[in-house]
Amino acid sequence: MISAKGFLAVAACVAGAVAVPAIGQAGRLAMLDTLEPGSWALRLRGAGSGEDRVCVRSGRELIQLRHPGEDCRQVVVADRPGEVTVQYTCPGRGYGRTTIRRETDGLIQLDSQGIRAGHPFAFAAEGRRVGACAP
């Protein structure tokens, strides 16, 4: 039989173990929050080279460039201070895996691949903040 004092010690340990992950999750993908909002030029590399412009309110929007605004389930694969990798699934619409490496708050390297509307996509790009978003 466990004493009241022993029970309180176990309860404190369990509470501490539960609190640590909750605190740790607050910083998930924090690197994306350091990217400057505004208009970003994405210079594509490879066969589909060219440039796209996107208005970014949050760096987190860069995860799902081929599934913008869709409600997708995301799984964080890697979350380091200068690089994140996120895999996401959009039921019935496709999925993707994106890696974003931050060089500065206004310069990133982005690599994304997956399936959209039944068709594969893959691209690598350099993203550079170029100013404010157009009204």
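Numbers below:
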| item | result |
| --- | --- |
| Failed item in (1) surrounded by 11 or more Cβ atoms within 10 Å (Cβ to Cβ); (2) in a strand (DSSP E or B), with residue 70 passing the rest | (2) |
| Residue among 78, 11 that is of a type outside the set (Asp, Glu), part of a strand (DSSP E or B) and either loosely packed, with under 13 Cβ neighbours inside 10 Å or modelled with pLDDT of 95 or more (or both) | 78 |
| Residue in region 107-119 that is part of a strand (DSSP E or B), touching a helix residue (DSSP H, G or I) at 6+ places or on another chain (Cβ under 6 Å), crowded, with 16+ Cβ neighbours inside 10 Å and not aromatic (Phe, Trp, Tyr) present | no |
| Subset tally (residues that are touching a Gly at 6+ places or on another chain (Cβ under 6 Å) and either free of Cβ contacts under 8 Å to residues at least 12 places away in the same chain or part of a loop (DSSP other than H, G, I, E, B) (or both)) for region 81-99 | 0 |
| Region 113-130: number of residues that are among the small types (Gly, Ala, Ser) and touching a Gly at 6+ places or on another chain (Cβ under 6 Å) | 1 |
| Subset of region 121-135 that is assigned to a loop (DSSP other than H, G, I, E, B) and over 26 Å from residue 93 (Cβ atoms) - its residue that is modelled with the lowest pLDDT | 135 |
| Of the criteria (1) at pLDDT 90 or above; (2) closer than 30 Å to residue 134 by Cα; (3) of a type outside the set (Ser, Thr, Tyr), which one residue 46 fails | (1) |
| Total residues in region 81-99, condition within 21 Å of residue 43 (Cβ to Cβ), small (Gly, Ala, Ser) and crowded, with 17+ Cβ neighbours inside 10 Å | 1 |
| Options 102, 60, 53: the member that is loosely packed, with under 14 Cβ neighbours inside 10 Å and either on the phi > 0 side of the Ramachandran plot or not in a loop (DSSP other than H, G, I, E, B) (or both) | 53 |
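The values are calculated or read from the model by the stated rules, or taken from the named source; none is laboratory data. On a predicted model such as this, the values are computed, not experimentally measured, just so you know. As a convention, Cβ positions derive from the backbone with ideal geometry for all residues, glycine included, and neighbour counts pool all protein chains shown.
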